[in-house]
Amino acid sequence: MQLGVQLYGAMDLFRKDPQGFLSKLAHAGYTDIEPCVAFGDSVESLAQKWGKPIWLPGEVAGFRTMAEREGLSIHSCHSFDNPLEHAEELVSLAEENGIKAFVVNCPSEEAVFDGTVENCVAAAEALAPHGIELWMHNHYREILARHGDTTFYEAVLAACGGKVGAQLDVGWALYAGEDPAAMMDRLAFCLRAVHYKDTNGDYRETPVENHPIALGKGSLDARPIMERVKAAGVSALVDQDSSPGDLLEDLLEAARYLAALEG
């Protein structure tokens, strides 16, 4: 089973012992990692700005080599900067490290809808000649927010006309009150990846800071998600933002849970 880990929530663990952390992921059955990168002066400045000590672009090659020693690949990478402004640097980063897609977050404010679509389409068109895709990830806010008669997230992707791929975080979709399997069906025209995340209730009953829980222990029915991942042939990654207990154990438990579900 191909299964990755989105590293954002685990960045503090990673920084403490990069090789040891990657080794634990590999032994748990993970095959891929998805880092977050941003341009900046130092890891400390990135941590202050983005909440976690994410990777500087200059660190990617070294960390990729560490990952490869454990049999882990990097196919996609979150970019916390404007991809259009940094298109040339992202192309170089992708070509050096075998990255096939960069992922950006979706906003949720109506005032930036048109600008977001314009920027993302232009960035996708700049990356495409190099064989690199641009994907968009969701939080819960842009699922709750509406544009016309659909979610803000789906509306942005529809307006991008298939040029920007969807990386659907099913946990955040569920937390926002949507059926994530149904969303996968609606986004089939641009679905490229899924983030597995479970949630301890939805926004109506659980404060957002209390929602994290290990995959398989919350409200998410992962079986229809897995069925659609297989049918569509898209990538799948576990995205554990935080944990009420041991985050590393949650990641290991998620791998066990999905392996058992697959049979």
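So here's what we get for this one:
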quantity	calculated
Exclusive hit being in contact with a Gly (Cβ under 8 Å, 6 or more places away or on another chain) and not aliphatic (A, V, I, L, M), set 113, 189	189
Residue in the stretch 134-163 that is nearest to residue 94 (Cα to Cα), counting only those that are open to solvent by less than 20 Å² (accessible area, probe 1.4 Å) and part of a helix (DSSP H, G or I)	157
Any chance residue 11 is more than 27 Å from residue 158 (Cα to Cα), at pLDDT below 95 and either open to solvent by less than 30 Å² (accessible area, probe 1.4 Å) or not acidic (Asp, Glu) (or both)	no
Filter result (open to solvent by 10 Å² or more (accessible area, probe 1.4 Å) and in a loop (DSSP other than H, G, I, E, B)) within the stretch 96-105	98, 100
In the stretch 164-187, residue farthest from residue 237 (Cα to Cα) [restricted to those that are outside any loop (DSSP other than H, G, I, E, B) and of a type outside the set (A, V, I, L, M, F, W, C)]	186
Test result for residue 44, surrounded by 14 or more Cβ atoms within 10 Å (Cβ to Cβ) and among the charged types (D, E, K, R)	no
Near pairs, Cβ below 6 angstrom, 6+ apart or cross-chain, from the stretch 215-230 (over 16 Å from residue 193 (Cβ atoms) and touching a residue at least 40 places away in the same chain (Cβ under 8 Å)) to any residue that is among the hydroxyl-bearing types (Ser, Thr, Tyr) and surrounded by fewer than 16 Cβ atoms within 10 Å (Cβ to Cβ)	none
Cβ-Cβ under 8 Å pairs, at least 6 apart or on other chains, the stretch 149-163 side closer than 14 Å to residue 133 by Cβ and of a type in the set (D, E, K, R), far side part of a helix (DSSP H, G or I) and open to solvent by 40 Å² or more (accessible area, probe 1.4 Å)	163/125; 163/128
Of all residues in the stretch 14-41 being acidic (Asp, Glu) and buried (at least 18 other Cβ atoms within 10 Å of the Cβ), the one that is farthest from residue 82 (Cα to Cα)	32
Whichever residue in the stretch 63-83 is assigned to a loop (DSSP other than H, G, I, E, B) and either in contact with a Ser or Thr (Cβ under 6 Å, 6 or more places away or on another chain) or among the aromatic types (Phe, Trp, Tyr) (or both) and, among such residues, is most open to solvent (accessible area, probe 1.4 Å)	70
Close pairs from the stretch 46-65: first farther than 16 Å from residue 90 by Cα, partner open to solvent by 50 Å² or more (accessible area, probe 1.4 Å), Cβ under 6 Å, at least 6 apart	52/8; 53/15
So residue 166, is it surrounded by fewer than 20 Cβ atoms within 10 Å (Cβ to Cβ), over 23 Å from residue 25 (Cα atoms), out of contact with any Pro (no Cβ under 7 Å at 6 or more places or on another chain) and at pLDDT 95 or above	no
Exclusive hit being crowded, with 19+ Cβ neighbours inside 10 Å, of a type outside the set (Gly, Ala, Ser) and at pLDDT 95 or above, set 121, 117, 91, 112	117
Residue selected from the stretch 225-263 under the condition within 19 Å of residue 73 (Cβ to Cβ) and assigned to a loop (DSSP other than H, G, I, E, B), by the criterion most open to solvent (accessible area, probe 1.4 Å)	233
Count of residues meeting criterion [surrounded by fewer than 18 Cβ atoms within 10 Å (Cβ to Cβ) and in a helix (DSSP H, G or I)] in the stretch 47-62	8
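The values are calculated or read from the model by the stated rules, or taken from the named source; none is laboratory data. Predicted model, so just to flag it, every value in this text is computed and none were measured. All Cβ positions, even for glycine, are placed from backbone atoms using ideal geometry, and neighbour counts span all protein chains on display. Ligands, DNA and RNA are stripped out before the accessible areas are found, and what is left, the full protein with its side chains, is counted by its heavy atoms. Shrake-Rupley method; radii C 1.70, N 1.55, O 1.52, S 1.80 Å.
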